[in-house]
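Undergrad: What follows is a single structure, and I will ask about it in a moment.
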Amino acid sequence: MALVAKKLLPLFDRILIRRAEAITRTKGGIVIPEKAQGKVLHGEVIAVGPGARNNKGVVIPVCVKVGDNVLLPEYGGTKVQLEDDKEYHLFRESDILAKIES
């Protein structure tokens, strides 16, 4: 079941990500069937929580910021649907594999 919300503000060390679109056509114009498309393993950070707390209650800030491109695991994350009918995923900071610099 997908959650529909106007604005989503992640809590703690959670990060809202919009996965990149899967490639559906080759450069030559050939349409790739849905089953043959690879899973998209990167996306853009849309919103970031304040960070996790350590044992003393001090907030440890998240190392990514809104607009960063990140490498994602093949499985995981919580699927979320916002009012704009786009699909987003919530990940913990520790689930994100790397930042992609452009």
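The values are calculated or read from the model by the stated rules, or taken from the named source; none is laboratory data. The structure presented is a predicted model; accordingly, all values stated were derived computationally and were not measured. Counting neighbours? That spans all protein chains shown, and the Cβs are built from the backbone with ideal geometry, glycine included. Ligands, DNA and RNA are stripped out before the accessible areas are found, and what is left, the full protein with its side chains, is counted by its heavy atoms. Shrake-Rupley method; radii C 1.70, N 1.55, O 1.52, S 1.80 Å.
Undergrad: Filter the range 24-64 for residues that are among the charged types (D, E, K, R) and within 12 Å of the chain's Cα centre (by Cα) and give the result.
TA: The answer is 44, and nothing else.
Undergrad: Then there's this: Out of everything in the range 81-93 that is part of a strand (DSSP E or B) and modelled with pLDDT of 85 or more, what residue ends up being farthest from residue 19 (Cα to Cα)?
TA: Per the stated criteria, the residue is 92.
Undergrad: Check the range 32-41 and report whether any residue there is in a loop (DSSP other than H, G, I, E, B), free of Cβ contacts under 8 Å to residues at least 40 places away in the same chain, of a type in the set (Val, Ile, Thr) and open to solvent by 60 Å² or more (accessible area, probe 1.4 Å).
TA: Checking the range 32-41: not a single residue is in a loop (DSSP other than H, G, I, E, B), free of Cβ contacts under 8 Å to residues at least 40 places away in the same chain, of a type in the set (Val, Ile, Thr) and open to solvent by 60 Å² or more (accessible area, probe 1.4 Å).
Undergrad: Do you know which residues across the range 48-72 are free of Cβ contacts under 8 Å to residues at least 24 places away in the same chain and part of a loop (DSSP other than H, G, I, E, B)?
TA: Residues satisfying the conditions are 54, 55, 56, 57, 58, 61, 65, 66, 67.
Undergrad: Which of the residues that make up the range 65-77 are open to solvent by less than 60 Å² (accessible area, probe 1.4 Å) and among the β-branched types (Val, Ile, Thr)?
TA: Across the range 65-77, the qualifying residue is only 70.
Undergrad: Let me ask another. Kindly list the number of the only condition in (1) in a loop (DSSP other than H, G, I, E, B); (2) modelled with pLDDT under 90; (3) closer than 18 Å to residue 11 by Cα that fails for residue 75.
TA: Condition not satisfied by residue 75: (3).
Undergrad: Anything in the range 78-102 that is surrounded by 11 or more Cβ atoms within 10 Å (Cβ to Cβ) and in contact with a Lys or Arg (Cβ under 9 Å, 6 or more places away or on another chain)? List them, or say none.
TA: 78, 82, 86, 87, 88, 89, 90, 91, 92, 93, listed by residue number.
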